[in-house]
Amino acid sequence: MALIDFILNLVALLLWWNWLSIRYDPLAKTSAATLIGTLRKTDKSGPKRWRLLLALLALLVFRAIVYWEFGASFRWTPILQLEVINIPFRSDYLTRMMLFSLLSFLLALGIFYLWMLLLSIVNANVPDTDPLQRLVRVQIKWLEAWPNALKLLLPFFIGALCWLALHPLLSHMAILQKSKSPLQLIQQAAVIGGAAYLGWKYLIVGILLLHLLSSYIYFGNHPFWNFINVTARNFLAPFRRIPLRVGRVDFLPVIAIALVFFVCEFFTNPPENPSWYRLWYYRMLPF
């Protein structure tokens, strides 16, 4: 069931992507004064954006009903994974399944935009002639002109604000315990905001792995692989002065991948030893 939920989130993201992309259709808003404006679209009625939103809403509602009907039979407990805390939802309550279906999609959507934000920061110097980077900038065009320092702070503040808005509802539905004080709630929001950066690990590791693969296998001069290699080099730029190349073999991507996993694992699952750190870590966590 967890795999099904993941696949349905991907489908929901594609529906969202298509709904958002229609507004950038070069034939959707053109005038006859331009060459492209003289082209006629096959569908004179134009794209129906509302149909995509309706399909997205229907998908979220339908899967919530399926989870409610069959979740108990498969002994599956839906879990919203927020890196530092996992929030379980009982599948025998339809209202909770509706909420989980919505939050699961919003979490996937948030991770997607976190990735777009990171690519915007790392590839700030990549020109618009790169088609994939141009597509990234279209997705977050309202943030593209912001300084990188402000962009780096966005995941923390958005994650913290989402927790502050969501926690009262989850505690009211008895999904989470009520916070003992406003200070504890603020501490929880700070932890969630910091954990938002951990969502970048999948993108970083994925790009570095593809870059490592393309370093030994030639896939041709394709825009996708050019984008991967440029992005990977930008990720690794702060570490280029470290001598990690032996002959034609570059160990830097492998070490960077290992470092990403180590840092993320260190903060989400602190080690048993030294015991003082683990005790301090869990004593300080406000959950």
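Laboratory data are not the source of any read-out in this text; all were calculated from the coordinates shown. No experiment lies behind these values; they were computed from the predicted model shown. Glycine gets a Cβ as well: all are built from the backbone with ideal geometry, and neighbour counts include every protein chain shown.
Of note:
- Ala149-Phe62 FRET efficiency (beta carbon distance; Förster radius 45 Å; 0.05 resolution): 0.60
- Peptides ranked, highest mean first, by Cβ atoms within 10 Å: ranges 128-138, 203-213: 203-213, 128-138
- Sorted by Cβ density within 10 Å, fewest first, the residues Trp115, Trp163, Trp76: Trp76, Trp115, Trp163
- Other residues with beta-carbon under 10 Å from the beta-carbon of Ile175 carry, at +1 per Lys or Arg and -1 per Asp or Glu, a net charge of +2.
- Region 191-252: trypsin sites (Lys or Arg not before Pro) falling in loop per DSSP and having at most 12 other Cβ within 10 Å: Arg240, Arg241, Arg248
- Highest to lowest packing among 85-91, 256-262, scored as the average C-beta count within 10 Å: 85-91, 256-262
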